[in-house]
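Okay, structure first, notes after.
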Amino acid sequence: MSTRKISLTATLFLFIYILQEAFITQLRIAGGGFSLFLIFTLLWAALSSPNMGALTGFAAGLLIDLSQSTAGVFGQWTLVLILIGFGISYFGLGYENVRLNPFTITFLVTISVFIARVVYLLLSLLLGKDLGTFSSIATSLLIGLLWSAAVVPIAMPAVARAFDFINDSRSRL
Amino acid sequence: MARGGENRGRLLLIILIITSLFLITLDLRGVSLITGLRTGTQSALTPVQSLGATILSPVRNFFIDVIYLGRTRSEMEQLRTENGELLSQLRERRSIDAQLEQLQGALDLAGKAEFKVLSARVISQGATTSFTQTITIDVGSRNGIKPNMTVINSYGLIGVVKTVYTNSALITLASDPSFRIGVRVADSQQIGILSGQGTSKGVLQLLDNQSTINVGDILLARGSVNNQPFVPGVPVGEVTSVDNAAGAVTQTADVRFFANFLSLGIVSVVLAAPDVDPRDSLVPPKPLPTPIPTVTVFVTPSESPSPDSIGSE
């Protein structure tokens, strides 16, 4: 991977991270809203190779863990996103029609955001954290799923273009 | 060749997973490097968050208005009659007025209890992605904020300072699932533990099996040793329903928090509290019933016509 690719990718991820932390968290969107950074990371991973997906998940997870609003254990999101980043890119790579179809990508990323949150939840339970009532957790997961389904198709063209520009590739999304 | 690439891929995945597990272990063991990293990130982000709070204030108000649509509709009808220039001025002023109102309310409450407080602006709402309820305020260690200080607003308890950075602080809201506070019932002085549930309601568990609690009872913070993390007497919430399960050792009840955690703009951090417990002096006054005008109508029946008079006509 060239220096140009690394620096451009890192800058883009940092930009989205700051956008999420400084602006999107201010909006107080209904039901807790969405994490643009998480969606962006998983979209990026879905377009990458499995190794790059895992690396992307690792870097993005570290950034989420560094966020002051993440009350969990440091490294928890890193572990979750390594697994989900690898999984989503591995799944996408195995089925070419998944990667080339905007609908399947939307479905894949939306479900991945949901699964990432469920895995995070399970890890929190294993680490002995209080998570609230079943109804509040279920509501949060459901609303998060709906927001992801709404945001992923909007973000996808921009992410795909940025990915193509940085990786000198050409996707059909 | 392909096998070699596959092996390298697996090795990379294993290395990454081990690294993340290593980080988790370090954090659980309380290694200061991790805390330092988070502090550094927050210090770098605070100016951007403050800028974001200023820029997005009208947008945020819009989202809050959408949530409280009924109230907004009546306000909109009132505003529609005014011209465009006044409208924009009003919108700007509404944001400032709301903050001022919240500030005044918090200062009133603090003044009544003789708390020494520092007011702060909420610059970020925590990420619910991690199933936590937090906010970030724009004051930090530079302003004398320390961990475990009580945070209040005009309605009562908001939460407690969890982490302090140079120019900002992270507050755990009372609605956070990990939040626990010792409370007492105003008047009856029964005590219990109130737990956050991740919603606008909490669950109270009484400590004494002889005590009883009623719907409408007001809960106040019991206070902690040296007033940290909780100063005594701060209104917390009101009992909305009581669980009288037959087999339960003690009574439990649902409690609605006085504070609305969705529309926090200005909060106050209690820096110091007097040695004297304010007892029940901070209990919010009950709303006065609006007198309903009654109209008494006396109906005097007219004399019914006699059969003779009908016949004569």
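Laboratory data are not the source of any read-out in this text; all were calculated from the coordinates shown. Because the structure is a prediction, the values reported are computed rather than measured. A quick note on method: Cβ atoms are made from the backbone with ideal geometry, for glycine too, and the neighbour counts reach across all protein chains shown.
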Is the C-alpha gyration tensor of region B:114-186 telling us rounded, prolate or oblate? Criteria: a/c under 1.5 is rounded; beyond that, a/b larger than b/c is prolate, otherwise oblate. oblate
If R0 is 60 Å, what FRET efficiency do you get for residue A:14 and residue B:294 from their C-beta distance, rounded to 0.05? 0.30
Using alpha-carbon positions, the gyration tensor of region A:30-76 gives root eigenvalues a ≥ b ≥ c; with a/c under 1.5 called rounded, otherwise prolate if a/b exceeds b/c, else oblate, the class is oblate
At a Förster radius of 25 Å, what calculated FRET efficiency corresponds to the Cβ-Cβ distance of residue A:133 and residue B:188, to the nearest 0.05? 0.35
Can you find, among A:163, A:18, A:121, the residue sitting farthest towards the positive end of the charge dipole of region A:3-167, where Lys and Arg contribute +1 and Asp and Glu -1 at Cβ? A:163
When only C-alpha pairs under 8 Å and at least 6 residues apart count, what is the relative contact order of region A:3-167, in percent? 27 percent
Taking a ≥ b ≥ c as the square roots of the Cα gyration tensor eigenvalues, with a/c under 1.5 meaning rounded and otherwise prolate when a/b beats b/c, else oblate, which class fits chain A? prolate
Charge tally in the Cβ shell below 14 Å around residue B:149, where Lys, Arg are +1 and Asp, Glu are -1, residue B:149 excluded: +3
Residue B:180 versus residue B:6, label points 7 Å from Cα toward the beta carbon: distance in nm? 5.1 nm
Net lengthening on full extension, residue B:210/residue B:101 (0.36 nm per residue, minus Cα-Cα): 35.1 nm
Pick from A:140, A:69, A:148: which is most flexible by mean-square fluctuation in a GNM of chain A where alpha carbon atoms under 10 Å apart are linked? A:69
Provide the gained length on full extension for the span residue B:248 to residue B:108, in nm with one decimal, where the gain is 0.36 nm per separating residue minus the Cα-Cα distance. 46.4 nm
Point-charge dipole on Cβ atoms (K/R +1, D/E -1) for region A:3-167, about Cα centre, debye to 20: 140 debye
Most exposed first by the Cβ proxy, i.e. fewest other Cβ within 10 Å, how do A:147, A:44 rank? A:147, A:44
State which stretch of chain A is the longest one without any exposed trypsin sites (Lys or Arg not before Pro), exposure meaning a DSSP loop state and at most 10 other Cβ atoms within 10 Å. A:1-169
List every residue whose amide H lies under 5 Å from the amide H of residue B:124, counting only residues 5 or more places away in sequence or on a different chain, with H placed 1.01 Å from N in the peptide plane. B:136
Averaged over peptide B:131-139, how many Cβ atoms belonging to another chain are found within 10 Å of each residue's Cβ? 4
Compute the separation of the alpha-carbon centres of region B:148-202 and region B:1-51 and state it in Å as a whole number. 31 Å
Can you compute 3J(HN,Hα) from phi for each residue in region B:142-151, using the Karplus curve 6.51 cos²θ - 1.76 cosθ + 1.60 with θ = phi - 60°, rounded to whole Hz and x for Gly and Pro? 5, 9, x, 7, 10, x, 6, 8, 6, 10
Among A:72, A:87, A:144, determine the one that fluctuates most according to a GNM of chain A built with springs between C-alpha atoms less than 10 Å apart. A:72
